[in-house]
Structure formats: structure tokens, C-alpha cells
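For reference, the structure discussed in these notes is given below.
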Amino acid sequence: MLNLPLCIMQKARLARDARFDGLFFIGVKSTSIFCRTICKARMPQEKNVTYYENPIAAMNNGFRPCLMCRPDSAPGSYAWKGVETTVERGVKLINVHLSLNINEIADKLGISTRYFNKLFEQHLHVSPKRYQLLTRLLFAKQLLHESCLPIEQVAQASGFNAAKPLQHHMKVTTGLTPSQIRRFTTLKSQAKSTNVTVYLCYRPPYQWQHIRDFYKLREIGANEKIGENSICKVLRLGDSHVLFNALHQSQNNRFEVTFSLVDLRLLKGSIAAVKKMLDLNCEPEAIYDSLVDAGLPSSLILNGLRLPGVIDKFEAGCRAIVGQQVTVKAAIGQLNLLQNTLNTKQVLECDNASTELFVAQQKCHLKGAYTLNSECHIKSNEAQSTPSVLNVFVSPKQVAQADLSFLKMPQARKNTLKAFAQFMLEKPQACIEEWLNIKGIGMWTVNYVTMRSSESPDIFLATDLVIKNQIKKLAEQEINITQEAAAPWRSYLTLSLWHLSSGILNTKINKVS
DNA sequence: GAATTCCCCTG
DNA sequence: CAGGTGATATTG
């Protein structure tokens, strides 16, 4: 039943080798406890040890899970990852939630402030407080350069309570006051509103057409509008909503992104979200090389390919589930139906006041883009004839409570969708692997969602039908793909193969070969 | 830095 | 099962 030789497991156990973590489990007879290979507890003697393939097998034989290494927890979960990642998670939280203080961050991590301080200092040799101050200042500086927000609002957006503390800290750490920093910027003053425009750059080349078409094909009209040169979408960020319009300016290698915000503290997260959607941090050269290594002839490679991201994990999950075994077109039709049908009640159902405020603000702002759920429709910049309203993607709660009989798809898939919504309602923070426990969600779905929503550059969808066919088709022309060689950028190989199979380049292949 | 918790061994 | 050891994570 165990697929590893005994001597290997013995060595792996004694070395506490992390590479074998999860592959087998160690039952200790003297205590009736079972552990993972990496457990830091005192090393049991060989004569007391039995090996098991999985936690279930160990528990069946009367062992209980160890409290230190938590072999019962889901692989990848916080409990599984243990202390090693606590600092990492803390850093992320500080970066994302600029307005939370250190106590609240520690609270989110589930540890005391004192311990958080200690761990942080130990690993990064800076105190969390100091790290946070620098993070806030850096972001404030970016806003001073890239936007025309008044200082007071820059302060709020970067986590300070008021302009005074920002001015003080900026002066102390950089020697310059915010207004001195601002003087370097060349932007013209923009109208006073909660609209914020920032310019987000990327490393060229950038295959705008590819990422644009990818989104366009998957457009959910009530939630997003994809223009020839722009992407406009309403994002759910925590309990709030953000509307953005990203306009591609290829001559400057950047996007002009306008946000409409309820609360300026959302700006940091909003910028991160758009960067993720447009994959602005990617390094095209490394990816190009890896695609060559994988065996793609350079004539078939889109240099500057980007991975189109999905911000909301729930949305990504819905897209994946509804997209199981049907064409993109069919799936998006059903998603549009879902969105439009459940949408009508949405404004009433939203429990927080922020939505109302947001709607009110939308009425007057974001000229030339779209409005959110307001009766005053504003035409889009892109000379599209019909005025539009945009709305946030349906929530887990809505889907969980809805009668889904109006959807045209197998009952089993509707059940999965519903179970998924229920799961997300109860455990919104669960890691994607945990979704496997839901009936109807398998590895393809998990991998697809991981690739689209976790900025995971190294997902190869080997079981995807389209991918399989495309590999076969290439092999017929003596182009052999070794996906392993594309690591750690295999997501881009997946994208490339999808793109090839879309037919646009199929004629080209013939010419090449 | 002490105290607590946890694991494993021995008798 | 009780008593003792060593080690780690976490707290006040």
C-alpha cells in the first residue's frame, strides 16, 4: 500500500526531510500519536514506528494527530504550513491593509502582538512597526508622484490618520516633505472627487491584444466592459466595491487607471488588484526563454504574454465550475444569465452602507466610463452606442440562497455551484486545495483557479482537453512540448497552448513547418 | 526569561 | 500509567 521503500522513509524521517512531507506519515506506538516527517518533536525510536500512507490510515489504526505538526490539517492550510509562514503572512497583511495597526495584524494572524514582534524581528531584523511605517511612506510617495490627490487624502490612503503624521514621518525618514515630493510630479491637478487616476507601468513587450481578447471572450457584461483599448470592472474588495477603468497607453508602456473609491484606504488594494489582473509585474524575457526551453518554436511564441488574473476567488471558482467541459462561449452565456438574474435584488440585499454611498458617488463621477447601478447612465469613452451599468459579481450568499433552475447546465453542476457558494459563505478564507472536498470540484478546477486567481506562474493544466489536443497537434508537426522545461513559468505555456488552439495561428503553423 | 505545553522514553 | 527529559511554540 505504501509506495515508498522502507529504507527511504526511515532516512527521510530521521532527516525530517521536507520533500517527503505529506507523502507518508509516522505512527508512534508508544504514544499512539502520528506525525508528519517534518515534525520537530523528539525523534521516536525505529522500533516504535509504523509508516502510513495518509492520515486516515493512521487514525484507523488508533493513532491521533500530533498537536505540533498537525498532520490532520489540510496540506497548504495555515495550520499545515506552521510558523515558517507566519512572518510572511504578516508582511502580506501589512502591505495590503495599510490602515490596520500592528495589534490588529497580529490578531488576524491569531497570535499575540508580543510574539508577532519577536518573530518579525527574528526573521527580518526590523520591527513590524518600522516595516509598516516604511511601507506606508513608500506608498504615500508613489501617490504623490502618480496622482494629484490632496495631501490629506494621500495620508488616508496610505494608512495615516491625518496629514500631520504623514508630513512628520516623511520629513524624518526622507528629508523631504510631501509637498516637496509632489513638486517633482508633472501631472495636472485633477478635479476633486474620490476618483483617483494612477499610471501603472509594465516592462515591454506587452501582448495587449491577447489579454484583451481573453477577457473579452469571457466578458460578464453586467460586471465588466472590455473595450478595444480598455478594461472596466467592478471589484469586490473585502466588504467594499471598487470600480476601475484601465486604459492601455502602449506608447508609454503603461495603463492609465481611474478608480472610483468609497474609501481611500482601498486604493492600495485596488492598485494591487489591477496589477494582478493585467499581470504588470511579469518579466517577459524570462518567460520567453522558458517557452523556448519547453520546445515552442519562436515563431509560435507571443512575446510579452500576460496571465489574465481574477481577483475574487469566488468569481474564479464560479467561472471554473460553470466552464467544466463546455466551450468558453457556452460557459460565459450561463454566467451572464446567473449575473443578470440574481442582480436585480443586489442593491437591496447588500447589507453595508458603503454600497449606497458608492452608488451615489458613481452618479457624478467617472465620466466617460461606466456607472454602477445608478439610474443615470453615462456613455462610455469608447464610442459604444449603448449606455451601461456595472455591478459587482454575484456574492456567495446570493448563489447559495438562489434557486438555480433557470441555468441551462447539468443538475450535478448546479449542485456543485451551490455547494461551492455555501462553502465560500462559511469559509471564505479556505485555501483552494480545500475545495477538493466539494463534490464536483477536482484537480482541473483547483489548478485552473490557482492559475487565474493566485498569481501562480507555474500551473500546467495537463489534463485540460484543449491543451492535450494542442500538444498532439504540435507533435504531428514534429514540435514536441516538454512542459517540465517551462518551469517555473508553466502557466504561460498553458496560456500559449490555449492561444494556439484558438486557431488564429494554426494557419501559420502550416507555413512554418 | 520563566512558565506552559507537548512529545517520547523508561520502568 | 506515572515520572522524567528535551525541545518547541507561545504567553504574560
Assuming R0 = 22 Å, can you tell me the calculated FRET efficiency for the pair A:Asn60 and A:Thr31, based on Cβ-Cβ distance, to the nearest 0.05? 0.80
What does the charge dipole of chain A about its Cα centre add up to, to the nearest 20 debye, if the Cβ of each Lys and Arg holds +1 and the Cβ of each Asp and Glu holds -1? 700 debye
A student applying the Cα gyration tensor rule (rounded when a/c is under 1.5; otherwise prolate if a/b is larger than b/c, oblate if not) would label the range A:1-156 prolate
Sorted on mean Cβ neighbours within 10 Å (highest first), peptides A:29-38, A:429-438 come out as A:29-38, A:429-438
Less than 12 Å Cβ to Cβ from A:Pro204, Lys/Arg counted +1 and Asp/Glu -1: what total charge do the surrounding residues give? +1
Relative to the Cα centre, what is the charge dipole magnitude of the range A:15-118, using +1 at the beta carbon of each Lys and Arg, -1 at the beta carbon of each Asp and Glu, and rounding to the nearest 20 debye? 260 debye
Taking chain A and counting helices only, DSSP H stretches of n ≥ 4 at -39,500 (n - 2.57) each over all residues, the nearest-500 ellipticity at 222 nm comes to -13000 deg cm²/dmol
Whole percent per 10 Å bin, from 0 to the bin with the longest distance: what is P(r) over all C-alpha pairs of the range A:220-262? 28, 49, 21, 2
Mind listing the long-range amide H neighbours of A:Phe34? Cut-off is under 5 Å, sequence gap 5 or more, other chains count too, H placed in the peptide plane at 1.01 Å from N. A:Val28, A:Arg64, A:Cys66
Checking rank on A:474-481, A:447-454, with mean other Cβ inside 10 Å and highest first, the result is A:447-454, A:474-481
Ranked highest first by the average count of other Cβ atoms within 10 Å around their residues, in what order do A:331-342, A:407-418, A:41-52 fall? A:331-342, A:407-418, A:41-52
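On full extension of the chain, what length is gained from A:Leu217 through A:Arg130, given 0.36 nm per residue of separation minus the C-alpha to C-alpha distance?
Stretched fully, the A:Leu217-A:Arg130 segment lengthens by 26.8 nm.
Which shape class applies to the range A:69-194: rounded if a/c is under 1.5, otherwise prolate when a/b exceeds b/c and oblate if not, where a ≥ b ≥ c are the square roots of the Cα gyration tensor eigenvalues?
Prolate shape, in that a/c is at least 1.5 and a/b is the bigger ratio.
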List every DSSP H helix in chain A whose Cα atoms extend 24 Å or more along the helix's own long axis and whose mean Kyte-Doolittle hydropathy is at least -1.0. A:128-146
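If I take every Cα pair under 8 Å that is 6 or more residues apart in the range A:194-241, average their sequence separation and divide by the length, what percent do I get for the relative contact order?
Computed value for the range A:194-241: 21 percent relative contact order.
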Counted charge near A:Lys414, where neighbours are those whose Cβ lies closer than 14 Å (Asp, Glu -1; Lys, Arg +1): +3
Evaluate chain A: find the radius of gyration of its Cα atoms, find its Kirkwood radius, and give the ratio Rg to Rh. 0.99
As a footprinting exposure proxy, order A:Thr463, A:Thr86 by other Cβ within 10 Å, with the fewest listed first. A:Thr463, A:Thr86
Hey, how many Å between the Cα centroid of the range A:441-502 and the Cα centroid of the range A:315-336? 18 Å
HN-Hα J in Hz across the range A:51-58 - Karplus 6.51, -1.76, 1.60, θ = phi - 60°, x for Gly and Pro: 10, 10, 6, 8, x, 4, 4, 5
Say the dipole of chain A comes from +1 at the beta carbon of Lys and Arg and -1 at that of Asp and Glu; which of A:Gln156, A:Gly22, A:Asn480 then lies farthest toward its positive end? A:Gln156
Suppose the chain between A:Thr85 and A:Leu200 were pulled fully straight at 0.36 nm per residue; how much longer would it get relative to their current alpha carbon spacing? 38.4 nm
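So if we plug the beta-carbon distance of A:Tyr115 and A:Asn469 into 1/(1 + (r/R0)^6) with R0 = 56 Å, what FRET efficiency do we get, rounded to 0.05?
0.60
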Total formal charge among the other residues, if their Cβ is under 15 angstrom from that of A:Gly82, Lys/Arg +1 and Asp/Glu -1: +2
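Read the figures in this text as sums done on the coordinates, not as results from a lab. All values derive from a computational prediction rather than experimental measurement. Methodologically, a virtual Cβ is constructed for each residue, glycine included, from the backbone with ideal geometry; neighbour enumeration extends over all protein chains shown.
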